[in-house]
Amino acid sequence: MRGAVVFHGLSAVERAHLRELTTLFLRRKALSGALGLEVTEEMALAVAAQACLPVLELGLDYYDGWVEVVVYPGAFRVEREVVDEAGVVSRLEQSLSGESWLQGPVILSWDDVASDLAQPHPGRNVVIHEFAHKLDMLNGEANGMPPLHSDMVRRRWTEAFSRAYEHLQQRLEHHHHPDIDPYAATSPAEFFSVVSEYFFTDPRRLKQHLPAVYEQLALFYRQDPVRRFGDEQI
C-alpha cells in the first residue's frame, strides 16, 4: 500500500497525519466481512487509509453519523424498484462494487478495493467513490452538493459542476468520446463521486479537461493533488 498511486506525492507530514486518521477511523468504525469473508488487519488498513485521504484536511468528523463498513469478497447483487415514465414499476437487479447508504454503512467489494491498489486505473477508486458519496450526503441527500466551506462561493460551485455535467451528457448524446468516465453522467451525485475519483487518482487529467471543477474540489477537499504529483510520470 505504501507505493499505491492514490497516496503518491504525500509529504512526510501528510503521511503521518494520514496514519493518525487511519488509526482513529479504525477505532470509530466497525469493518465486517460478508458471505464469510474475514477482514484481516491489512485489509482494514487498506480500506481505512483510502477512506481517510479525502478528509485528510477536513477531519474525521465529516464521517460522523454512521459506524459500519461492510466488505464483500467480490461484486454483490442488489435489487431495485424502477419506475418508468409511464409509471410502471419493475425490479432491476444490479451487480455493484460499492454502495453508500444515508446514515448507514458503506459497502465495498474487496476484489475491487484490492485491484485499485495492485493495478490502479486512472480515474477509478471504489473506496474514494463511496466515501465521496458519504460527504455528499452530509446535506441530507446525495445530490452532488456537499456542505461547502464558508470561504467558498456556492454559485461558483454550481456553475462549474452544472456546466461540466451538462457538457458530459451532450458529448454522450452525440456519441463523442467523453473526457471522463461516462458513469459520471448518471446523476449529479455520481458526477461528484466520479470527479472525486479523478481528483485523487488522475488529477492532471481532471484539471486539464475540467479546470473549474478541479478548482472547486481543491477548495472543498483543501488539497492540490496536481501539485503533489508534480511532473513525475506515474
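Within the range 191-217, restricting attention to residues that are among the charged types (D, E, K, R) and in contact (Cβ under 8 Å) with a residue 24 or more places away in the chain, the residue that is nearest to ALA160 (Cα to Cα) is GLU215. Taking the criterion of being part of a loop (DSSP other than H, G, I, E, B) and either more than 19 Å from GLY59 (Cα to Cα) or modelled with pLDDT under 95 (or both), the residues of the range 180-234 that qualify are ILE180, ASP181, SER187, ASP202, LEU210, GLY230, ASP231, GLU232, GLN233, ILE234. When GLY104 is tested against the conditions (1) within 19 Å of ALA189 (Cβ to Cβ); (2) at pLDDT below 95; (3) assigned to a strand (DSSP E or B), the lone failure is (3).
Of all residues in the range 43-52, none are at negative phi, surrounded by fewer than 17 Cβ atoms within 10 Å (Cβ to Cβ) and either in a helix (DSSP H, G or I) or modelled with pLDDT of 95 or more (or both). Residues in the range 145-179 that are among the small types (Gly, Ala, Ser) and in a helix (DSSP H, G or I) were compared, and the one that is surrounded by the fewest Cβ atoms within 10 Å (Cβ to Cβ) is SER162. Is at least one residue of the range 217-227 surrounded by fewer than 17 Cβ atoms within 10 Å (Cβ to Cβ) and among the polar types (S, T, N, Q)? No - not one qualifying residue is present in the range 217-227. Of the numbered criteria (1) under 15 Å from the mean Cα position of the chain (by Cα); (2) surrounded by fewer than 22 Cβ atoms within 10 Å (Cβ to Cβ), the one ASP116 fails is (2).
The values are calculated or read from the model by the stated rules, or taken from the named source; none is laboratory data. Everything numeric in this text was worked out from a predicted model, so none of it was measured. With ideal geometry, Cβ positions are generated from the backbone for all residues, glycine too; neighbour counts draw on all protein chains shown.
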